Amino acid sequence: MTEPIPVIRKLERALADDDFAWSLILVGEDQTDKLATLTGELRGGYSETGDGKQISSGFSYWGIGPTIAWAHACSDPFYLVMKAGTESFLRHWRKLRRHIDGDGFHFVSLGVGTGQKDRTILEDLHRVRSDIYYLPVDMSSEMLRLGTLEPLRGIRFPMAQVLPIQLDFSIADNLDELREMLDRLVDDEPVLYSLTGNTLANFANDEEALATITRALRPQDRLLLEVATTNRIDEAAATEAADEYHETRAFAEFVTSALRYNTNLQVDHERVKFRGFIEDDDALLVKVLYENDTDAEIRMELPDHTELALPVGDTIRLYTTRKFSAGRLDRLLSACELTLVESAHSQFRHTRRPTPFGLDLLLLAPKGAQDVRRTVADEMWDRP
(Lines give C-alpha, C1' and ligand atoms only; values in the text may rest on other atoms or scores of the structure.)
Protein backbone atom coordinates (compact mmCIF):
# COMPACT_ATOMS: atom_id res chain seq x y z
CA MET A 1 0.00 0.00 0.00
CA THR A 2 1.45 3.40 -0.99
CA GLU A 3 2.01 6.15 1.54
CA PRO A 4 -0.79 8.77 1.31
CA ILE A 5 0.24 12.19 -0.02
CA PRO A 6 -0.39 14.99 2.54
CA VAL A 7 -3.43 17.06 1.60
CA ILE A 8 -1.46 20.34 1.63
CA ARG A 9 0.96 19.02 -0.99
CA LYS A 10 -1.90 17.76 -3.16
CA LEU A 11 -3.75 21.04 -2.73
CA GLU A 12 -0.68 22.97 -3.89
CA ARG A 13 -0.62 20.93 -7.08
CA ALA A 14 -4.38 21.20 -7.57
CA LEU A 15 -4.32 25.01 -7.37
CA ALA A 16 -1.11 25.56 -9.33
CA ASP A 17 -2.80 26.16 -12.69
CA ASP A 18 -6.24 27.22 -11.47
CA ASP A 19 -7.19 30.79 -12.38
CA PHE A 20 -10.03 30.93 -9.85
CA ALA A 21 -9.41 33.40 -7.00
CA TRP A 22 -8.75 30.83 -4.25
CA SER A 23 -7.37 31.99 -0.91
CA LEU A 24 -5.58 29.54 1.38
CA ILE A 25 -5.56 30.87 4.96
CA LEU A 26 -4.32 29.20 8.13
CA VAL A 27 -6.90 30.06 10.81
CA GLY A 28 -5.43 30.24 14.28
CA GLU A 29 -8.41 31.29 16.41
CA ASP A 30 -12.03 30.40 17.08
CA GLN A 31 -14.01 33.29 15.61
CA THR A 32 -16.86 32.81 18.09
CA ASP A 33 -14.37 33.66 20.84
CA LYS A 34 -13.50 36.89 19.04
CA LEU A 35 -17.17 37.85 18.76
CA ALA A 36 -17.64 37.19 22.49
CA THR A 37 -14.62 39.40 23.24
CA LEU A 38 -16.02 42.25 21.14
CA THR A 39 -19.39 41.94 22.84
CA GLY A 40 -17.75 42.08 26.26
CA GLU A 41 -15.78 45.20 25.34
CA LEU A 42 -18.95 46.99 24.27
CA ARG A 43 -20.46 46.30 27.70
CA GLY A 44 -17.82 48.40 29.47
CA GLY A 45 -18.67 50.96 32.11
CA TYR A 46 -19.69 54.60 31.83
CA SER A 47 -16.95 56.96 30.67
CA GLU A 48 -16.97 60.41 29.13
CA THR A 49 -13.38 59.92 27.88
CA GLY A 50 -13.61 56.61 26.00
CA ASP A 51 -12.19 54.47 28.80
CA GLY A 52 -15.27 52.27 29.31
CA LYS A 53 -17.06 50.84 26.29
CA GLN A 54 -14.66 50.27 23.40
CA ILE A 55 -13.75 48.55 20.17
CA SER A 56 -10.11 47.55 20.58
CA SER A 57 -7.53 47.71 17.83
CA GLY A 58 -7.95 44.51 15.82
CA PHE A 59 -11.75 44.65 15.84
CA SER A 60 -11.69 47.93 13.91
CA TYR A 61 -10.65 45.86 10.87
CA TRP A 62 -12.47 42.61 11.68
CA GLY A 63 -15.13 41.48 9.19
CA ILE A 64 -15.94 42.28 5.60
CA GLY A 65 -17.63 45.64 6.31
CA PRO A 66 -14.68 47.18 8.19
CA THR A 67 -12.26 45.69 5.63
CA ILE A 68 -14.05 47.40 2.73
CA ALA A 69 -14.32 50.65 4.70
CA TRP A 70 -10.58 50.55 5.42
CA ALA A 71 -9.77 49.99 1.74
CA HIS A 72 -11.92 52.99 0.80
CA ALA A 73 -10.25 55.18 3.44
CA CYS A 74 -6.78 54.22 2.23
CA SER A 75 -7.63 55.27 -1.32
CA ASP A 76 -9.17 58.60 -0.27
CA PRO A 77 -6.84 61.48 -1.34
CA PHE A 78 -8.19 63.55 1.55
CA TYR A 79 -6.82 61.03 4.08
CA LEU A 80 -3.51 62.88 4.13
CA VAL A 81 -1.83 60.84 6.87
CA MET A 82 -2.23 57.64 4.84
CA LYS A 83 -1.22 59.40 1.63
CA ALA A 84 2.00 60.72 3.19
CA GLY A 85 2.86 57.28 4.55
CA THR A 86 2.39 55.57 1.21
CA GLU A 87 4.47 58.17 -0.63
CA SER A 88 7.39 58.11 1.82
CA PHE A 89 7.65 54.36 2.35
CA LEU A 90 9.70 53.42 -0.73
CA ARG A 91 12.26 56.13 0.02
CA HIS A 92 12.53 55.04 3.65
CA TRP A 93 12.80 51.34 2.78
CA ARG A 94 15.58 51.97 0.26
CA LYS A 95 17.69 53.49 3.03
CA LEU A 96 17.16 50.57 5.42
CA ARG A 97 17.20 47.54 3.14
CA ARG A 98 21.01 47.38 2.78
CA HIS A 99 21.15 45.97 6.31
CA ILE A 100 19.25 42.82 5.30
CA ASP A 101 20.18 42.48 1.62
CA GLY A 102 22.66 39.63 2.05
CA ASP A 103 20.98 37.35 4.59
CA GLY A 104 17.96 35.89 2.80
CA PHE A 105 15.18 36.83 5.23
CA HIS A 106 11.76 35.22 5.26
CA PHE A 107 9.01 37.82 5.64
CA VAL A 108 6.28 37.95 8.32
CA SER A 109 3.95 40.94 7.92
CA LEU A 110 2.00 41.80 11.08
CA GLY A 111 -1.18 43.63 10.09
CA VAL A 112 -1.12 43.34 6.31
CA GLY A 113 -3.32 46.35 5.50
CA THR A 114 -3.70 47.03 1.77
CA GLY A 115 -0.46 45.16 0.99
CA GLN A 116 1.23 48.01 -0.92
CA LYS A 117 4.15 48.26 1.48
CA ASP A 118 4.48 44.49 1.67
CA ARG A 119 4.87 44.41 -2.09
CA THR A 120 7.87 46.77 -1.92
CA ILE A 121 9.54 44.68 0.78
CA LEU A 122 8.71 41.29 -0.72
CA GLU A 123 10.00 42.22 -4.16
CA ASP A 124 13.44 43.08 -2.75
CA LEU A 125 13.62 40.08 -0.41
CA HIS A 126 12.64 37.73 -3.22
CA ARG A 127 15.32 39.20 -5.47
CA VAL A 128 17.97 38.31 -2.87
CA ARG A 129 16.61 34.80 -2.26
CA SER A 130 13.98 33.07 -4.38
CA ASP A 131 12.82 30.40 -1.89
CA ILE A 132 11.74 32.65 0.98
CA TYR A 133 8.33 32.38 2.63
CA TYR A 134 5.83 35.24 2.88
CA LEU A 135 3.52 34.98 5.90
CA PRO A 136 1.05 37.85 6.34
CA VAL A 137 -0.62 37.78 9.79
CA ASP A 138 -3.87 39.55 10.68
CA MET A 139 -6.82 39.12 13.01
CA SER A 140 -9.19 39.58 10.08
CA SER A 141 -9.45 36.84 7.47
CA GLU A 142 -11.11 39.30 5.10
CA MET A 143 -8.20 41.73 5.50
CA LEU A 144 -5.78 38.91 4.75
CA ARG A 145 -7.55 38.10 1.49
CA LEU A 146 -7.57 41.77 0.46
CA GLY A 147 -4.03 42.56 1.57
CA THR A 148 -2.32 39.44 0.23
CA LEU A 149 -3.35 40.00 -3.39
CA GLU A 150 -1.46 43.27 -3.85
CA PRO A 151 2.05 42.10 -2.81
CA LEU A 152 1.94 39.22 -5.30
CA ARG A 153 0.71 41.26 -8.24
CA GLY A 154 3.36 41.54 -10.91
CA ILE A 155 6.37 40.11 -9.05
CA ARG A 156 5.80 36.41 -9.84
CA PHE A 157 6.15 35.31 -6.24
CA PRO A 158 5.16 31.61 -5.99
CA MET A 159 1.82 31.03 -4.25
CA ALA A 160 3.31 27.84 -2.80
CA GLN A 161 5.56 30.07 -0.64
CA VAL A 162 2.70 32.21 0.71
CA LEU A 163 0.79 31.35 3.89
CA PRO A 164 -1.66 33.95 5.26
CA ILE A 165 -2.28 33.38 8.98
CA GLN A 166 -5.40 34.51 10.84
CA LEU A 167 -4.14 35.37 14.33
CA ASP A 168 -4.51 38.20 16.84
CA PHE A 169 -0.85 39.06 17.32
CA SER A 170 -1.57 41.33 20.29
CA ILE A 171 -2.06 38.20 22.46
CA ALA A 172 1.19 36.91 23.98
CA ASP A 173 0.25 33.22 23.80
CA ASN A 174 -0.51 33.63 20.09
CA LEU A 175 2.95 35.07 19.45
CA ASP A 176 4.52 32.16 21.29
CA GLU A 177 2.60 29.72 19.08
CA LEU A 178 3.57 31.68 15.97
CA ARG A 179 7.24 31.56 16.89
CA GLU A 180 7.12 27.81 17.56
CA MET A 181 5.47 27.22 14.19
CA LEU A 182 8.06 29.41 12.42
CA ASP A 183 10.90 27.59 14.17
CA ARG A 184 9.64 24.36 12.63
CA LEU A 185 9.04 25.99 9.26
CA VAL A 186 12.31 27.92 8.73
CA ASP A 187 14.60 26.39 11.37
CA ASP A 188 17.29 28.97 12.25
CA GLU A 189 16.98 31.04 9.06
CA PRO A 190 16.38 34.77 9.69
CA VAL A 191 12.94 36.36 9.59
CA LEU A 192 12.04 39.98 8.92
CA TYR A 193 8.90 41.02 10.80
CA SER A 194 7.10 44.21 9.82
CA LEU A 195 4.59 46.39 11.68
CA THR A 196 3.93 49.33 9.39
CA GLY A 197 1.25 51.99 9.01
CA ASN A 198 1.68 53.30 12.59
CA THR A 199 -0.19 50.19 13.77
CA LEU A 200 1.67 50.21 17.10
CA ALA A 201 -0.14 53.47 17.92
CA ASN A 202 -3.55 51.77 17.73
CA PHE A 203 -3.06 49.65 20.84
CA ALA A 204 -4.29 50.86 24.21
CA ASN A 205 -0.89 49.96 25.71
CA ASP A 206 1.83 50.50 23.11
CA GLU A 207 4.66 49.19 25.31
CA GLU A 208 2.80 45.97 26.06
CA ALA A 209 2.02 45.48 22.36
CA LEU A 210 5.65 46.00 21.31
CA ALA A 211 6.90 43.71 24.07
CA THR A 212 4.49 41.01 22.89
CA ILE A 213 5.82 41.23 19.33
CA THR A 214 9.40 41.17 20.61
CA ARG A 215 8.68 37.72 22.13
CA ALA A 216 8.77 36.26 18.62
CA LEU A 217 12.20 37.68 17.73
CA ARG A 218 15.38 35.61 17.80
CA PRO A 219 18.84 37.27 17.65
CA GLN A 220 19.04 36.72 13.88
CA ASP A 221 15.59 38.27 13.23
CA ARG A 222 14.76 41.92 12.57
CA LEU A 223 11.67 44.08 13.09
CA LEU A 224 10.64 46.85 10.68
CA LEU A 225 8.53 49.36 12.60
CA GLU A 226 6.78 52.40 11.08
CA VAL A 227 5.53 55.10 13.44
CA ALA A 228 4.04 58.58 13.25
CA THR A 229 6.20 61.07 15.13
CA THR A 230 6.04 64.58 16.56
CA ASN A 231 8.73 67.05 17.57
CA ARG A 232 6.33 68.99 19.79
CA ILE A 233 4.32 67.92 22.83
CA ASP A 234 1.74 70.57 23.76
CA GLU A 235 -2.01 71.10 23.74
CA ALA A 236 -1.99 72.83 20.35
CA ALA A 237 -0.15 69.88 18.78
CA ALA A 238 -2.61 67.44 20.39
CA THR A 239 -5.52 69.33 18.86
CA GLU A 240 -3.77 69.42 15.48
CA ALA A 241 -3.16 65.66 15.66
CA ALA A 242 -6.86 65.02 16.25
CA ASP A 243 -7.83 67.37 13.41
CA GLU A 244 -5.73 65.36 10.93
CA TYR A 245 -8.17 62.46 11.23
CA HIS A 246 -11.24 64.69 11.14
CA GLU A 247 -10.60 65.90 7.59
CA THR A 248 -11.87 62.86 5.68
CA ARG A 249 -15.36 61.36 5.62
CA ALA A 250 -13.91 58.03 4.47
CA PHE A 251 -11.93 57.69 7.71
CA ALA A 252 -15.05 58.43 9.75
CA GLU A 253 -16.88 55.72 7.79
CA PHE A 254 -14.06 53.30 8.61
CA VAL A 255 -13.88 53.96 12.37
CA THR A 256 -17.65 53.58 12.74
CA SER A 257 -17.89 50.47 10.55
CA ALA A 258 -17.23 47.94 13.33
CA LEU A 259 -20.01 49.53 15.38
CA ARG A 260 -22.35 49.64 12.39
CA TYR A 261 -21.78 46.01 11.38
CA ASN A 262 -21.82 44.46 14.88
CA THR A 263 -24.75 46.35 16.43
CA ASN A 264 -28.04 47.75 15.18
CA LEU A 265 -27.07 51.34 16.07
CA GLN A 266 -28.04 53.94 13.49
CA VAL A 267 -24.70 55.73 13.35
CA ASP A 268 -24.87 59.53 13.33
CA HIS A 269 -21.52 60.94 12.20
CA GLU A 270 -22.19 64.16 14.11
CA ARG A 271 -21.62 62.12 17.28
CA VAL A 272 -18.15 60.94 16.20
CA LYS A 273 -15.63 63.01 18.16
CA PHE A 274 -11.88 63.33 17.59
CA ARG A 275 -10.02 64.31 20.76
CA GLY A 276 -6.32 64.87 21.24
CA PHE A 277 -4.44 64.51 24.54
CA ILE A 278 -0.89 64.65 25.87
CA GLU A 279 0.03 61.16 27.06
CA ASP A 280 2.76 60.74 29.71
CA ASP A 281 4.45 63.97 28.53
CA ASP A 282 6.10 62.16 25.60
CA ALA A 283 3.35 61.33 23.08
CA LEU A 284 0.19 62.76 21.56
CA LEU A 285 -2.81 60.46 21.97
CA VAL A 286 -5.85 60.71 19.70
CA LYS A 287 -9.09 59.00 20.66
CA VAL A 288 -11.98 58.67 18.23
CA LEU A 289 -15.20 58.38 20.25
CA TYR A 290 -18.87 57.83 19.60
CA GLU A 291 -20.52 60.12 22.14
CA ASN A 292 -24.10 60.32 23.26
CA ASP A 293 -24.36 64.09 23.23
CA THR A 294 -28.15 64.00 23.02
CA ASP A 295 -30.58 64.59 25.89
CA ALA A 296 -31.82 60.99 25.95
CA GLU A 297 -30.46 57.48 26.42
CA ILE A 298 -29.45 55.59 23.25
CA ARG A 299 -30.19 51.87 23.07
CA MET A 300 -28.60 49.32 20.75
CA GLU A 301 -28.54 45.56 20.24
CA LEU A 302 -25.23 43.70 20.66
CA PRO A 303 -24.05 40.64 18.67
CA ASP A 304 -25.50 38.26 21.30
CA HIS A 305 -28.91 39.96 20.86
CA THR A 306 -28.82 41.57 24.29
CA GLU A 307 -29.55 45.27 24.57
CA LEU A 308 -27.06 47.94 25.64
CA ALA A 309 -27.90 51.38 26.99
CA LEU A 310 -25.64 54.33 26.19
CA PRO A 311 -26.51 56.97 28.80
CA VAL A 312 -26.30 60.69 28.11
CA GLY A 313 -22.61 61.70 28.10
CA ASP A 314 -21.34 58.11 27.74
CA THR A 315 -18.91 57.17 24.98
CA ILE A 316 -17.67 54.21 22.95
CA ARG A 317 -14.00 54.37 22.00
CA LEU A 318 -13.84 53.48 18.31
CA TYR A 319 -10.15 53.98 17.59
CA THR A 320 -6.88 55.00 19.20
CA THR A 321 -3.78 56.41 17.56
CA ARG A 322 -0.65 58.32 18.59
CA LYS A 323 2.20 60.53 17.53
CA PHE A 324 5.42 59.40 19.22
CA SER A 325 8.13 61.73 20.45
CA ALA A 326 11.79 60.71 20.27
CA GLY A 327 11.74 60.27 24.02
CA ARG A 328 8.74 57.95 23.91
CA LEU A 329 10.36 55.76 21.26
CA ASP A 330 13.61 55.68 23.22
CA ARG A 331 11.69 54.48 26.27
CA LEU A 332 9.80 51.82 24.30
CA LEU A 333 12.91 50.38 22.68
CA SER A 334 14.74 50.28 25.98
CA ALA A 335 11.83 48.59 27.79
CA CYS A 336 11.54 45.96 25.03
CA GLU A 337 15.32 45.44 24.75
CA LEU A 338 15.40 46.46 21.09
CA THR A 339 18.33 48.15 19.39
CA LEU A 340 18.00 50.57 16.50
CA VAL A 341 19.91 49.41 13.42
CA GLU A 342 18.90 52.39 11.28
CA SER A 343 15.97 54.71 10.65
CA ALA A 344 14.57 57.00 7.97
CA HIS A 345 12.46 60.10 8.61
CA SER A 346 10.12 62.32 6.59
CA GLN A 347 8.44 65.46 7.82
CA PHE A 348 4.84 66.05 6.72
CA ARG A 349 4.59 68.72 4.04
CA HIS A 350 0.92 68.60 3.11
CA THR A 351 -0.01 71.86 4.89
CA ARG A 352 0.98 75.45 4.17
CA ARG A 353 1.99 76.05 7.76
CA PRO A 354 4.88 74.24 9.48
CA THR A 355 3.82 70.97 11.12
CA PRO A 356 5.52 69.08 13.96
CA PHE A 357 4.45 65.72 12.53
CA GLY A 358 6.33 63.16 10.47
CA LEU A 359 6.84 59.47 9.80
CA ASP A 360 9.76 57.27 10.82
CA LEU A 361 10.68 53.80 9.61
CA LEU A 362 12.88 51.93 12.09
CA LEU A 363 14.85 48.75 11.56
CA LEU A 364 15.25 47.09 14.96
CA ALA A 365 17.28 44.19 16.30
CA PRO A 366 16.45 42.17 19.45
CA LYS A 367 18.67 41.49 22.43
CA GLY A 368 21.59 39.26 21.53
CA ALA A 369 21.84 40.39 17.89
CA GLN A 370 25.32 40.55 16.41
CA ASP A 371 26.99 43.37 14.46
CA VAL A 372 24.44 46.06 15.33
CA ARG A 373 26.37 49.25 14.83
CA ARG A 374 23.84 52.04 15.08
CA THR A 375 22.41 53.50 18.27
CA VAL A 376 19.31 55.53 18.95
CA ALA A 377 21.42 58.63 19.50
CA ASP A 378 23.33 58.09 16.25
CA GLU A 379 20.26 57.71 14.14
CA MET A 380 17.37 59.72 15.52
CA TRP A 381 17.76 61.87 18.53
CA ASP A 382 20.54 64.06 17.06
CA ARG A 383 18.40 64.89 14.05
CA PRO A 384 18.29 68.69 13.59
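Assess whether Asp173 counts as being among the charged types (D, E, K, R), under 21 Å from the mean Cα position of the chain (by Cα) and modelled with pLDDT of 90 or more.
Against the criterion (among the charged types (D, E, K, R), under 21 Å from the mean Cα position of the chain (by Cα) and modelled with pLDDT of 90 or more), Asp173 qualifies.
Output the strands (runs of 3 or more DSSP E) that fall wholly within segment 276-349 and possess 2 or more residues being within 21 Å of the chain's Cα centre (by Cα) and not basic (Lys, Arg), or say none.
Those strands (runs of 3 or more DSSP E) span 283-291, 315-324, 338-347.
What is the residue count in segment 224-271 for residues that are farther than 24 Å from His72 by Cβ and part of a helix (DSSP H, G or I)?
Number satisfying all stated conditions: 6.
Quick check on segment 32-45: of everything there that is surrounded by 14 or more Cβ atoms within 10 Å (Cβ to Cβ) and touching a residue at least 60 places away in the same chain (Cβ under 8 Å), which residue is nearest to Arg275 (Cα to Cα)?
Leu42
Counting just the residues of segment 72-109 that are in a loop (DSSP other than H, G, I, E, B) and among the acidic types (Asp, Glu), which one comes out modelled with the highest pLDDT?
Restricting to residues being in a loop (DSSP other than H, G, I, E, B) and among the acidic types (Asp, Glu), the top hit is Asp76.
Working only within segment 22-59, note down all residues that are over 19 Å from Ile165 (Cβ atoms) and part of a loop (DSSP other than H, G, I, E, B).
Arg43, Gly44, Gly45, Tyr46, Ser47, Glu48, Thr49, Gly50, Asp51, Gly52, Ile55, Ser56
Can you pull out every residue in segment 120-166 that is of a type in the set (Val, Ile, Thr), within 17 Å of the chain's Cα centre (by Cα) and part of a strand (DSSP E or B)?
Passing the criteria: Val137, Ile165.
Exactly one condition in (1) out of contact with any helix residue (DSSP H, G or I) (no Cβ under 9 Å at 6 or more places or on another chain); (2) among the β-branched types (Val, Ile, Thr); (3) modelled with pLDDT under 90 is false for Val112; which is it?
Here Val112 meets the rest and fails (1).
Please give the number of the condition Glu208 fails out of (1) out of contact with any Lys or Arg (no Cβ under 8 Å at 6 or more places or on another chain); (2) of a type outside the set (A, V, I, L, M); (3) at pLDDT below 95.
Among (1) out of contact with any Lys or Arg (no Cβ under 8 Å at 6 or more places or on another chain); (2) of a type outside the set (A, V, I, L, M); (3) at pLDDT below 95, the lone unmet condition for Glu208 is (3).
Only residues that are assigned to a loop (DSSP other than H, G, I, E, B) and closer than 17 Å to Thr86 by Cβ: list them for segment 187-211, please.
Thr196, Gly197, Asn198
Applying the selection to segment 40-56, what residues are touching a strand residue (DSSP E or B) at 6+ places or on another chain (Cβ under 9 Å), of a type outside the set (D, E, K, R) and more than 13 Å from Thr256 (Cα to Cα)?
Answer for segment 40-56, where residues must be touching a strand residue (DSSP E or B) at 6+ places or on another chain (Cβ under 9 Å), of a type outside the set (D, E, K, R) and more than 13 Å from Thr256 (Cα to Cα): Leu42, Gly44, Gly45, Tyr46, Ser47, Thr49, Gly50, Gly52.
Out of the residues in segment 233-246 that are surrounded by fewer than 15 Cβ atoms within 10 Å (Cβ to Cβ) and touching a residue at least 40 places away in the same chain (Cβ under 8 Å), which is farthest from Val288 (Cα to Cα)?
Step by step, filter segment 233-246, then rank; the result is Asp234.
Select, from Leu302, Leu318, the only residue that is among the hydrophobic types (A, V, I, L, M, F, W, C), touching a helix residue (DSSP H, G or I) at 6+ places or on another chain (Cβ under 9 Å) and surrounded by 19 or more Cβ atoms within 10 Å (Cβ to Cβ).
Leu318 is the lone residue from the list that is among the hydrophobic types (A, V, I, L, M, F, W, C), touching a helix residue (DSSP H, G or I) at 6+ places or on another chain (Cβ under 9 Å) and surrounded by 19 or more Cβ atoms within 10 Å (Cβ to Cβ).
Looking only at segment 304-334, count how many residues are on the phi > 0 side of the Ramachandran plot and at pLDDT 95 or above.
Final tally of qualifying residues: 1.
Given the conditions (1) assigned to a loop (DSSP other than H, G, I, E, B); (2) crowded, with 21+ Cβ neighbours inside 10 Å; (3) hydrophobic (A, V, I, L, M, F, W, C); (4) without any contact (Cβ under 8 Å) to a residue 60 or more places away in the chain, report the number of the one that Leu175 does not fulfil.
All conditions are met except number (1).
The values are calculated or read from the model by the stated rules, or taken from the named source; none is laboratory data. Computed from a prediction, not measured in an experiment: that's the story for all the values here. Methodologically, a virtual Cβ is constructed for each residue, glycine included, from the backbone with ideal geometry; neighbour enumeration extends over all protein chains shown.
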